[in-house]
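The structure under discussion appears below in the form of structure tokens.
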Amino acid sequence: MSSVLTMAAEMTKHSARHIAANLKAMPPDKQVWRPLDAGRSALSLAQECAVMNRYAAQTLLDRKAPPFDFSQYEAACAALDTADKALAELDAATSHLVEVILDFPEEDLETRIPMPWAEGFTMSFLEIVLMSYWNMTYHEGQMAYIQTLYGDTEMHPTE
């Protein structure tokens, strides 16, 4: 097995644990708080991570990107309307994605496929393998920033 795939799987698990730790550390009213009533809530960030981890796993399994319908994405996120639901799905989706990553054939990592985000936009399977990691890392930073806005400056380690 590729050390790149092993590392990607570990990094993905690590990021999901950090998303969960940050969300759990927030009081329930702050999980849904939107800075300036304009930003996204920490819960919405966790919802996205869960839904997009499923999307990444399906892309790797099918060797092609599924169509992306924003209304279906919004409905999938809305179904995860509590921290408990979002974190349970994040855990399940991440576990599934990690299995898919570890089973992905190394020889296909450089293959590029069209993605539904924009006309002509492509990604390699290696980029898709790492997509959930960087998405969760980005959102972890947003969650940490939300925490500082309401006065939580503590680190919320997972190990």
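The values are calculated or read from the model by the stated rules, or taken from the named source; none is laboratory data. As the structure is a prediction and not an experimental result, all values here were calculated from the model. Reconstructed Cβ throughout: ideal geometry from the backbone, glycine too, with neighbour counts over all protein chains shown. Surface accessibility is based on the protein's heavy atoms, side chains included, excluding ligands, DNA and RNA. Shrake-Rupley method; radii C 1.70, N 1.55, O 1.52, S 1.80 Å.
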Condition set in contact (Cβ under 8 Å) with a residue 12 or more places away in the chain and of a type in the set (K, R), scope the stretch 55-96, selection most open to solvent (accessible area, probe 1.4 Å): answer is K64
(1) under 23 Å from L36 (Cα atoms); (2) assigned to a helix (DSSP H, G or I) all hold for D152 apart from (2)
Given the conditions (1) open to solvent by 20 Å² or more (accessible area, probe 1.4 Å); (2) closer than 17 Å to Q147 by Cα, every one holds for M52 apart from (2)
Test for E140: is it touching a His at 6+ places or on another chain (Cβ under 6 Å) and either over 25 Å from M155 (Cα atoms) or open to solvent by 30 Å² or more (accessible area, probe 1.4 Å) (or both):
yes
Just a yes or no: is a residue in the stretch 119-127 surrounded by 13 or more Cβ atoms within 10 Å (Cβ to Cβ), out of contact with any Asp or Glu (no Cβ under 8 Å at 6 or more places or on another chain), at pLDDT below 95 and acidic (D, E)? no
Scanning the stretch 117-126 for residues that are among the small types (G, A, S) and in a loop (DSSP other than H, G, I, E, B), the one nearest to F70 (Cα to Cα) turns out to be A118
